[in-house]
Amino acid sequence: MTTSNERTSGSENQAPHLDYYPEWLDNLADDVILQGNFANGEILGKEKVGKLLGFARSNYAFQDFRFFGKRGELFLEDYRSTIRGTENRRPGGIEIYNFVVVYFNEAGETSQLVMNHRPQSAALLFSSLLADHFGDEFGADLFYDGDVGDRLLDHDLSRGRWPSPPR
C-alpha cells in the first residue's frame, strides 16, 4: 500500500486484463464531476456519472494498463483499449487510449474525474457511441453526434511500451 507521498510503480500495476477494478468507481461523491474530451461540458452527480461510466466501460473490449495507482493525493490510470464493434471499420478494431485523473474530497470520496481519450478521432467516435446510447439524457449538445470518417480513424498510437493484448 502506498502513502500519499509515494509513487506506485507502473510495473507493479500492469494489468493486461480486467482483473483490476477501480475502487474509486464505487466511492463517488453525491456531487461528483466528470469532465473529458469525449463531452462538450461536464456530467454532474453520482447517479449520472455512475451510469455513464458503467456504459462507457462496457464499450471496451479489454483494458491494458500501463499504470494505475496513487500519486500524491491523486489516483491516476493510463490504459489502452479497443472500442467494441469497430472491427468493421478496421481489422482489429479502433484503438483508444485514456489517461484518467481522479480527485478526492476531504471525506475520501471521488469528487472529480478528468479523462483524456486519444487520439481525437477515437474520442469523437467514443462520444458518438455515447450520443447513440443516451440521446439527450445528459443534455442535447453534450456528446458528438456527427460522423467520424474512416480517414480520420487511421491513426496508430501504439509506439509506447504496452503489454500484449489478451488473446
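The values are calculated or read from the model by the stated rules, or taken from the named source; none is laboratory data. Everything numeric in this text was worked out from a predicted model, so none of it was measured. The accessibility values were calculated without ligands, DNA or RNA, using every heavy atom of the protein model including side chains. Shrake-Rupley method; radii C 1.70, N 1.55, O 1.52, S 1.80 Å.
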Item to complete: On a C-alpha basis, how far is the centre of the stretch 87-145 from the centre of the stretch 16-81 in Å? Whole number, if you could?
Response: 9
Worksheet item: So how long is each side of the stretch 10-149 along the principal axes, counting just the alpha-carbon atoms, biggest first, in Å?
Response: 43, 37, 20
Discussion item. Against the empirical 2.2 N^0.38 Å scaling, what ratio does the C-alpha Rg of the stretch 68-113 come to?
Written reply: 1.61
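How much accessible area per residue does the stretch 103-151 have, in Å², with a 1.4 Å probe? Intermediate results must be reported in sequence, preceding the final value.
Working: 2650 Å² over 49 residues.
Here the per-residue accessible area is 54 Å².
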